[in-house]
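In what follows, a single structure is set out as C-alpha cells and then discussed.
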Amino acid sequence: MTLPPSTLKWWQRGVVYQIYPRSFKDTNHDGVGDLNGIIEKLDYLNDGTPNSLGIDAIWLSPFQRSPMADFGYDVSDYCDVDPLFGTLADFDRLTAEAHRRGIKIIIDYVPNHTSDQHPWFIESRSSRTNPKRDWYIWRDPKPDGSLPNNWGSFFGGPAWTFDPATGQYYLHQFVKEQPELNWRNPEVVQAMLDVLRFWMKRGVDGFRMDVIGLIIKDKDLRDNPLNPNPPANLPPNDLFSRLLQVYNMDQDEVHEMVRRIRSTLDEFDDRVGIGELWGPLDRWVRYYGKNGEELQLPFNFRLMQQPWSAQAMRASVDELEAALPPFAWPNYVLGNHDQPRFASRFGGLAQARLAGMMLLTLRGTPTVYYGDEIGLENGVIPPEKIVDPQGKNLGAERSRDVCRTPMQWDSSPFAGFSDVEPWLPVSADYTTRNVAAESTDPNSMLSFYRRLFWLRKGSPALFGGSYRPVDAPGDCFVYWRESGSERKLVALNFSAKPLRLQAGLSGKARLALSTHPDAPAGVTLDALELRPYEGVILDVEG
Ligand code: GLC
Ligand code: CA
C-alpha cells in the first residue's frame, strides 16, 4: 500500500543510524566511547545541512549498567547509565541535544535476560523459596542428573548452568552471565513494562528490542529437534546450530507479550517498537500483529543473508513485499554490531557504494550502522585481543569484534576516537579512511552517502513512494519508486562488467545520483550505460 507522504510517521520517512556507544567517541580518556562523545558528534549526524548526514534517528546499543560480560547486553540495572558511558544527566542532555536537531532517540531494550549481577537474579538464586525465584527459569536436573533439555547457547556450550547452592539449573541462551527472565510470570512482565515507561518519560522515542522472539519459551521446555542440515565444520561446542530452533523462539504466546509491550508504547505519543527477529518469513511477519498491534518495525535482516547477486537481492525484496500485510511498513538492514562489515562481506568499496544506494532507495526504513558511511571494513583483531564472548567461545571467525572497531574521525593517533589506546584496535586504514579526509574529497564514500541521504530526504518517491521492480537483463536490479508525479528509476549493476540496460524503457531522464564520480548528466533510458558496480538514480519525466 502506498500512503500519501504527508501521512508518514517519522519512523517511516526517516533513516535510523545505529551507534555502538563503546566505539563512537571517547571524551574522558579511557579508550571507551561515551554519551558525551555522542553529543559531541550530533552535528556530524545532522546539523540541518547537507554537510551532515541528515539522519533522523539514532539507535544506541546498550549503555545501561552492566558488568559487560556481553558488552552491555547483560544489564544489571535497566534504569541507570553505566558509569563507563556517563550518567543519567548526560543521557538527558543527549536526548535534549538530539531533539533540538530533530534527531529521535531509540534505545536498546534487553528483555530476554538480565545480568547475573542484576539484584533480581541475585535474589532469585539465593534460595528456592525466594519470591523472585520464579522470575528466572530454574529447573531440576533430569533424574539421571543431566541437563533439563538439549538446548544450546548461541555462544557455545549448553544453555543451562547448574547452581550448586540451590541444586537447580538456570536457563541462558547466551553466556552464563545472562540468565533468562521468565515472562510467564506477571510480576516480570510488569517490571519490564515499567522499564519502557521509565525511558519514555525521559523522552526516548523508541526501542530496539533485543532477541524479542525469545522471551517466551515452550511451556514444557521440550527438546529442540536435531537440525538435519547443520552448517559444515561446526566447532564441537556449537550445540545451538546442531538443533532446529523450534521450542525456544517464536512461540505463539510470545505475541501476547509483544502486544502488551506495544500497548505500553502507545501510552505515549508516537513511539516506535523495533524488534530483533531472525526467524523465517512466515514466523517473522506475525510480529507486525494481525492488524498492526505488535511492532511497527520487526527488523528485516534478509538482505544481509543474500549473496552478491542482483537476482538474489530482488528476490528477497519481492518476497518481503509480497509477504507484508497492507498496513505493514518494510525496513532494511545491511549491517549491525553482530555481523561482519558489508564492505568486506560484499567484496569491496565499489560493492559497498552500490549496496548503500540500494539500502537507501528501497521502500521502507533503512538502518545504517555507524562507520558504514565511510566504508569501514572488518577490523583485523589479533587472536589474543579478541574480547567478544562469541569469538572467544566459537572461534576467531565468529568474533563480532571485527565490526565494532572505533569510528575513524581523523588521521590523528587512534583516529580521533580517543587519545589513549582504545578497547579494540583502530583499523590500519584510519589515516585515509576517516571523516575529516572523506569530508574534503567529493568522490569519497562519505560525500556519496551525504548526497544519497539528502536526496532521499527531499524525495517523496524515495522515502514514501511505491516500489515496482523492472525485469532487467544481466546482474542488474532495477526498480521504480514513484509518488504523485515524481518518478524515480533506480538501476543497480551488480556485475564487474559494464552493462547496457535494455529493459524496454523509454523517456527523458535526468541523473539524480550515481555511485560513480564524473557521471554524465544526460542519460537516455533506451540505452542506459552502467559501468561496473555502478548504480544510478534517475528522474524520469512523464
Ligand atoms: C542480540 C544482540 C547481540 C547480543 C545478544 C544477546 O543478538 O544484538 O549483540 O549479544 O542479543 O543479548
Ligand atoms: Ca570514555
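Summary table
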read-out	value
Förster radius 56 Å - calculated FRET efficiency between ASN130 and PHE268 (Cβ-Cβ, nearest 0.05)	0.95
The chain, helix-only ellipticity at 222 nm - DSSP H runs n ≥ 4, -39,500 (n - 2.57), divided by all residues, nearest 500	-6500 deg cm²/dmol
Candidate lysines - alpha carbon under 29 Å from LYS142, same-chain residues fewer than 8 apart omitted	LYS132, LYS176, LYS217, LYS219
Within straight-line cross-link reach of LYS104, lysines at Cα separation under 29 Å, skipping those fewer than 8 residues along the same chain	LYS9, LYS25, LYS41, LYS201, LYS290, LYS457, LYS488
Kirkwood-type radius of the chain, with distances r between different C-alpha atoms, in Å	24.3 Å
Reachable aspartates and glutamates from LYS497, criterion Cα separation under 12 angstrom, eight or more residues apart if same chain	ASP475, GLU529, GLU534
Carbon + sulfur, % of accessible area of the chain - ligands and nucleic acids excluded, 1.4 Å	53 percent
Euclidean distance of C-alpha centroids, the stretch 495-514 and the stretch 175-245, integer Å	45 Å
Where GluC sites (Glu not before Pro) fall in DSSP loop in the stretch 181-281, at most 16 other Cβ within 10 Å	GLU253, GLU267
Surface per residue (accessible, 1.4 Å probe) for the chain, Å²	37 Å²
Exposed trypsin sites (Lys or Arg not before Pro) absent: longest stretch of the chain, with sites in DSSP loops and at most 11 other Cβ within 10 Å deemed exposed	291-542
Full-stretch length increase - ASP30, LYS9 - with 0.36 nm per residue and alpha-carbon distance subtracted	3.7 nm
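The values are calculated or read from the model by the stated rules, or taken from the named source; none is laboratory data. In this text, all values refer to a predicted model and were calculated from it rather than measured experimentally. Every residue, glycine among them, receives a Cβ derived from its backbone with ideal geometry; neighbour counts consider all protein chains shown. These area figures cover heavy atoms from the full protein model, side chains too; ligands, DNA and RNA do not enter into them. Shrake-Rupley method; radii C 1.70, N 1.55, O 1.52, S 1.80 Å.
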